[in-house]
Amino acid sequence: MRLQHDSLAFQMLGAAAAVRGVNEGTALPQAIEDVATHLRLDRVRDAATRGAVQDLAYRTVRQFGTTRALVTELVTRPPGALVDSLLAVALALLLEGEEGDGSKVGRGGYSDFTVVDQAVSAAASEPKTAHARGLVNAVLRRFLRERQPLMQAVNQDEEARYNLPSWWLAQLRKAYPDQWTTLADSVNARPPMTLRVNTRRTSVPQYLTELANAGMAGTAVGDQAVRLVRAFPVSQVPGFAEGDVSVQDAGAQLAAPLCELSDGMRVLDACAAPGGKTGHLLELADIDVTAVESDAQRAARIHDNLARLGQRANVIVGDASRPQDWWDGQPFDRILADVPCSASGIVRRHPDIRWLRRETDIARLVNEQRRIVSQLWPLLKPGGILVYVTCSIFPTEGEEQALWFGAQLPDAIRLQAPGQLLPGTKAPETASLPTGSPLGLPTDHDGFYYARFQKRA
Ligand SMILES: C[S@@+](CC[C@H](N)C(=O)[O-])C[C@H]1O[C@@H](n2cnc3c(N)ncnc32)[C@H](O)[C@@H]1O
């Protein structure tokens, strides 16, 4: 049976294939790309189908803890990886709907009946899953009949309740004994779409007027940060193509100002791709930027980003922890070390990360962060400043690292910095900015950690 591309069944099957990819260790954007290629979803003609597949896959991955627990509860013999994922997609949709008699329309805009019917059609349409069409029907119907006791049973398990791996929850509980449930609950919040206004070309008040003229609403959430009330594709965002604005979380927008730049400085942006912060550095002052990135494919995106902003940097594909391979021997006034990390502060934007990371990754990342910063430190001029950034909320990658750097880096003076920013809509309570700083703290941002060190002159 061939399915229409605009049918929910086709889109559920596409999403199930992407979700299976994540289960097998592929990052969600790549898994969606693989599915789109496989299904020959031509980008223009099938943009809506691709968008729907992506939306379903993201919704499912956000609720992976719950849907996996439900499948385990409802299925006695494993039905195969694709059926498993199809059930997860259908259950995620049903979970978003209100509990009820089967006729209520859930948040996906589909009635319970439609979701079950389309999941069965999806299973029937594909040779790998056709054998399980009866099972899909029975499992989903049972879920609807016994929803309340089933949810009570699976919610006994923390991983199902919070949609976070138990080792991750243990890290949160240890680091934030009073706040961990709020933090855990926040991971599935819809992230805001935030823009960085390019102050070389416009200003926040001017840009807010431009937005209003285009019929879009926005609010200022940081010195250069504007949050759109509703997300739009960048192609519809006024001034995006011209470089008036870039998409960047308000918390990430603190990195470049914390470098305290002035014209003529030599700046190293280590771990630079896709170049969000590189562009910001170049917007703030007339500086000479070297951007180092180890992943060649990602490094290419730095050029694309800078071209849109009309900026240039010396982009090097290299390992930041091996400057002997790429450094020309000229010291830097500033180093921005936006090191690889767990990404535990940006889970609401990247819901797959929590399922792809392993607990053992954290110790490996901590070592890598230490190696990178220790190797970059000698490249800094006396009097120069290094800004350490992670998009993590685990103290092992944040404050504990800063203490280690303070003790290990020769001639390092710790400067004031925001420290830990927890994801949320309020201005951070614990964070503070350098005394006399003209910077304001953002009010709606992802989780970041910032520390700064100056080399004794
Ligand atoms: C947090 S992201 C950087 C985001 C970027 N600064 C921005 O604002 O757009 C970390 C980047 O570091 C890169 N990376 C990881 N290990 C590296 C290393 N040893 N040397 C250089 N780059 C590295 C990753 O490929 C990734 O692109």
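Here are the numbers for this structure:
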item: Of the criteria (1) of a type in the set (Phe, Trp, Tyr); (2) more than 23 Å from Trp180 (Cα to Cα); (3) within 22 Å of the chain's Cα centre (by Cα), which one Trp326 fails; result: (3)
item: Selection count where residues are at pLDDT below 95, of a type in the set (Val, Ile, Thr) and buried (at least 17 other Cβ atoms within 10 Å of the Cβ), scope the range 168-208; result: 1
item: Residues located in the range 20-34, provided they are assigned to a helix (DSSP H, G or I), under 17 Å from the mean Cα position of the chain (by Cα) and closer than 18 Å to Arg358 by Cα; result: Val22, Leu28
item: Residue among Gly275, Gly279, Gly222 that is closer than 30 Å to Asp352 by Cβ, within 16 Å of the chain's Cα centre (by Cα) and surrounded by 17 or more Cβ atoms within 10 Å (Cβ to Cβ); result: Gly275
item: Flag if Asp244 is touching a residue at least 24 places away in the same chain (Cβ under 8 Å), within 14 Å of Thr443 (Cα to Cα), surrounded by fewer than 23 Cβ atoms within 10 Å (Cβ to Cβ) and more than 16 Å from the ligand (Cβ to nearest atom); result: no
item: Residue list for the range 186-223, filter: touching a helix residue (DSSP H, G or I) at 6+ places or on another chain (Cβ under 6 Å) and either assigned by TED's automatic domain parsing to the domain that holds Asp446 or closer than 20 Å to Gly310 by Cα (or both); result: Arg196, Val197, Asn198, Arg200
item: Some residue of the range 365-381 being of a type outside the set (Val, Ile, Thr), more than 20 Å from Gly318 (Cβ to Cβ) and more than 16 Å from the ligand (Cβ to nearest atom); result: yes
item: Filtered residue count, the range 271-294, keeping only those that are touching a Gly at 6+ places or on another chain (Cβ under 9 Å) and near the ligand (Cβ under 9 Å from one of its atoms); result: 5
item: Of residues in the range 82-101 being more than 25 Å from the chain's Cα centre (by Cα) and surrounded by fewer than 17 Cβ atoms within 10 Å (Cβ to Cβ), the one modelled with the lowest pLDDT; result: Asp101
item: Close pairs from the range 383-406: first within 19 Å of Lys277 (Cα to Cα), partner assigned to a helix (DSSP H, G or I) and of a type outside the set (D, E, K, R), Cβ under 6 Å, at least 6 apart; result: Val387/Leu258; Val389/Ala255
item: Residue identified as polar (S, T, N, Q) and either farther than 26 Å from Pro331 by Cα or surrounded by fewer than 20 Cβ atoms within 10 Å (Cβ to Cβ) (or both) among Gln369, Gln375; result: Gln375
item: Residues located in the range 325-359, provided they are under 13 Å from Leu379 (Cβ atoms) and within 13 Å of the ligand (Cβ to nearest atom); result: Asp325, Trp326, Trp327, Ile335, Leu336, Ala337
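The values are calculated or read from the model by the stated rules, or taken from the named source; none is laboratory data. Everything numeric in this text was worked out from a predicted model, so none of it was measured. So basically every Cβ, Gly included, is an ideal-geometry build from the backbone, and we count neighbours across all protein chains shown.
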